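Notes follow the structure.
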């Protein structure tokens, strides 16, 4: 099937009334989650995932994906109005967006964020449509050794790029892989690390880890901040929700550049929306005629980063759909959802489930249009969410987590595990250990071990199989560079100084 | 100080992990040539590598960059108390049922974190618990315990 036919068939799927409805629910929930400070796409998806368990996989994935990219739109609202990014990737938006709000241009800031997100998001989905299939075709040539090396590179890249400390990133990644080994070894039937508990024989559920690490940990963090009395004043929306001709002229370039940068960086495992936004901000500052305006309400400082973090979501979908390698925490949760429904993302996805994958991709075009409508004329409604007392919101998140955890299998062990991972997630935040690598490695752990053991079986237990192909050697070299690179760079900087 | 604790914890975890690998995972004569221990052994090595990298980062980072974090003992105590309360909530989840345990849990927490708004707190606790129970247990057929309630 050529790409054009596939895209058309995808629209037939996503424009079905039931899927339109789920696209709307997904983007609406995403906007709400994005507006509420601190929650983020990963937390929202973690809470929604257990509820989708019995749904049609296509509809469920459309809704989850809608929440994922919808949160990027909503995250800019709090970044602009209370200088608190609702989503981590909106951190750069808060620098100039809040300053624009203080000058009475909150409406213009919100408008450029929404419009930039729409244009760049559409650019990203177009690029996804074009690049995903060729990448999947190339990946069909991968054997177990190549796949193992690819996953190793993805995880080492995530370790290095997430957070300030590559060591902590590697620790988080390793912990995720360790959690993935808990349970029954499928090849030998051997119990591993089950502590004699029957409930652990099937391993630790991905949903339990994600709900605990994101949702419950966030609730703990929020309640701690409440206790400390950390509150920022909420700016009122002032001025029209539109741009002047001059603001339009200054925004067009950053929006297009942000769209391209975001997509490219999104494809890289572990880079994420935050890095896209930072790179876009740095580029626009370098190109601006008046760089000293940045940080004081420059509209380019909102247009560029907001566009980048939206097209980044489409970029992150490329390796997830084509290779089965998630590019971010959000796509890791999405990959977990695929596996939960018994669908394996990767090169064969496009040939085995064309309706699902193209329906999902095309739903992103539709979702972007819905988000533009939700975030421009209806933004006033979403801003009211900021007035929900946090003292009520965070306990509700814990209760919702309990529903999700218990609903998996009706076993109270899952509740206690959610609590354990909630405490771990809170500890991670205090120790500045990134949580996303743990989730990524948890999702990839079983497949990674399987590829490793298959490769070793083929080679008769000889590790030379990992050095036999150009692809494997290249990926292994990149993995080593990912780990060693930051240290060597730091040493070089120290010597220069 | 936190990084030192993290380093010690990582080394300790690696030790415990290797112990668990060699004393709890049996290797049989049949099966794939790698067996169920090999991958965990590699992960144990990765843990030790993380510890080495952590130690290096601590050694090369100037003391001024260590970060003077304020004493948040009271905040940590609050979080510990919330975690303990949540543990109690989960203990009561099946015996008392979702509605009763969740209502009580929400009421206690909102009474502390949303002080003075008793009517709102009580309404939120009851409406949320009953509403989600009806939606999930009865509407979406998600398993939630009824406990002491007859429905």
Are there any helices (runs of 4 or more DSSP H) wholly within region A:336-417 with 2 or more residues that are free of Cβ contacts under 8 Å to residues at least 40 places away in the same chain and over 25 Å from residue A:80 (Cα atoms), and if so which? A:349-352, A:390-409
Looking at (1) facing chain B (nearest Cβ under 10 Å); (2) on the phi < 0 side of the Ramachandran plot, can you tell me which one residue A:424 breaks? (1)
Counting only residues in region A:181-190 that are at the interface with another protein chain (Cβ under 9 Å from one of its Cβ atoms) and touching a helix residue (DSSP H, G or I) at 6+ places or on another chain (Cβ under 8 Å), the one farthest from residue B:42 (Cα to Cα) is identified as A:187
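Would you call residue A:447 touching a residue at least 24 places away in the same chain (Cβ under 8 Å), facing another protein chain (nearest Cβ under 10 Å) and closer than 14 Å to residue A:143 by Cβ?
Details: touching a residue at least 24 places away in the same chain (Cβ under 8 Å): yes; facing another protein chain (nearest Cβ under 10 Å): no; closer than 14 Å to residue A:143 by Cβ: yes.
Criteria not met by residue A:447.
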Looking at (1) under 14 Å from residue A:92 (Cα atoms); (2) crowded, with 24+ Cβ neighbours inside 10 Å, which one does residue A:269 not meet, given that it meets all the others? (1)
Let me confirm something: among B:79, B:100, B:108, which residue is more than 22 Å from residue A:414 (Cβ to Cβ), modelled with pLDDT of 90 or more and assigned to a helix (DSSP H, G or I)? B:108
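Give me the residue from region A:152-185 that is in a loop (DSSP other than H, G, I, E, B) and free of Cβ contacts under 8 Å to residues at least 24 places away in the same chain and, out of that set, surrounded by the fewest Cβ atoms within 10 Å (Cβ to Cβ). Step through it out loud before you land on a result.
Quick first cut of region A:152-185, residues in a loop (DSSP other than H, G, I, E, B) only: A:162-165, A:181-182, A:185.
This time we only want the ones that are free of Cβ contacts under 8 Å to residues at least 24 places away in the same chain, so: A:182, A:185.
Numbers: A:182: 18, A:185: 20.
Residue satisfying both the conditions and the ranking: A:182.
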Residues to consider are A:94, A:129; find the one that is closer than 25 Å to residue A:329 by Cβ, free of Cβ contacts under 8 Å to residues at least 24 places away in the same chain and surrounded by 20 or more Cβ atoms within 10 Å (Cβ to Cβ). A:94
Which condition number does residue B:130 fail, the rest of (1) more than 9 Å from chain A (Cβ to nearest Cβ); (2) out of contact with any helix residue (DSSP H, G or I) (no Cβ under 7 Å at 6 or more places or on another chain) being met? (2)
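The values are calculated or read from the model by the stated rules, or taken from the named source; none is laboratory data. Remember, it's a predicted structure, so these values are computed and weren't measured experimentally. Here Cβ is always computed from backbone atoms with ideal geometry, including for glycine, and neighbour counts include all displayed protein chains.
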